[in-house]
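Step one of this worksheet: look at the structure below.
The values are calculated or read from the model by the stated rules, or taken from the named source; none is laboratory data. None of these values were measured; they are calculated from a predicted model. Cβ placement follows ideal geometry from the backbone for every residue including glycine, while neighbour counts extend to all protein chains displayed. SASA here: full protein model, heavy atoms, side chains in, ligands and nucleic acids out. Shrake-Rupley method; radii C 1.70, N 1.55, O 1.52, S 1.80 Å.
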Amino acid sequence: MVSSPHEAMRRIFEEYPALFSSVAEVLGVPFGTPISMTALPTDLTETRPLERRLDTLLRFETEEEGEFLLAVEAQGKRDPDKPASWAYYLSYLYNKYGQPPILLVICQDRATADWASQPVHVGTPQWTSFTLRPLVAGPHNMPVITQETEARKDP
C-alpha cells in the first residue's frame, strides 16, 4: 500500500519540476532549468506481447563469484537496435532471476566486434544511469587454431 510519505516524495517533482535542477545541483550534477515538463504514464506494463529471445542463456556457479547468468548473442553485423535490446535483456534477467547477468557477444568479423564492444551509456551527458559493457569475442581476440588435433582438444 502506498504511504503518504511515498506520495509526497514522488509528487513534489510533478508539482514543482524545477526542484529537480536544485536537487541535481546539490548532488553535484548540473542540469539546466526545465522550460517544460510533461507527466507521462507510470504503468510500464507491456500491453502487447513483444517477442524477445536471447540466443543462449546459461546459469553458472563458481567458487569465486558464486552464481551468475551468461547471455550469449551471436552478432553477424552492426544493428543499431541491438544495444537497446541488450540493455533490456540484462535488466529483465536481473529482475527475473535476481542474479548478475553477463552479456557475451560473439562476432564473425573485426568491424562488428569493434562496434559491439563500445560501451553504451544510458542517460544524459550529465549523468549516466547505467552503462552496457558486453564482453565481445571475435577473430581479433581469439586464438587461431589451425590443427585438427588442437581443435578437438580445445574447441
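A few comments on the model shown:
- Identity of the residue in the range 20-49, modelled with pLDDT of 80 or more and in contact with a Phe, Trp or Tyr (Cβ under 6 Å, 6 or more places away or on another chain), that ends up nearest to P125 (Cα to Cα): V29
- Selection count where residues are part of a loop (DSSP other than H, G, I, E, B), at negative phi and under 26 Å from the mean Cα position of the chain (by Cα), scope the range 14-37: 4
- The residues of the range 118-140 that are among the polar types (S, T, N, Q) and either open to solvent by 70 Å² or more (accessible area, probe 1.4 Å) or modelled with pLDDT of 95 or more (or both), listed by number, are Q118, Q126, S129, T131.
- Residues satisfying the stated conditions in the range 61-108, i.e. among the small types (G, A, S) and either open to solvent by 20 Å² or more (accessible area, probe 1.4 Å) or free of Cβ contacts under 8 Å to residues at least 24 places away in the same chain (or both): G66, A74, G76, A84, S85, S91, G98
- The strands (runs of 3 or more DSSP E) falling completely within the range 47-155 that include 3 or more residues that are within 30 Å of A24 (Cα to Cα) map to 120-123, 128-132.
- Only one of the numbered conditions (1) open to solvent by 90 Å² or more (accessible area, probe 1.4 Å); (2) of a type in the set (A, V, I, L, M); (3) not in a loop (DSSP other than H, G, I, E, B) is violated by L44, and that is (3).
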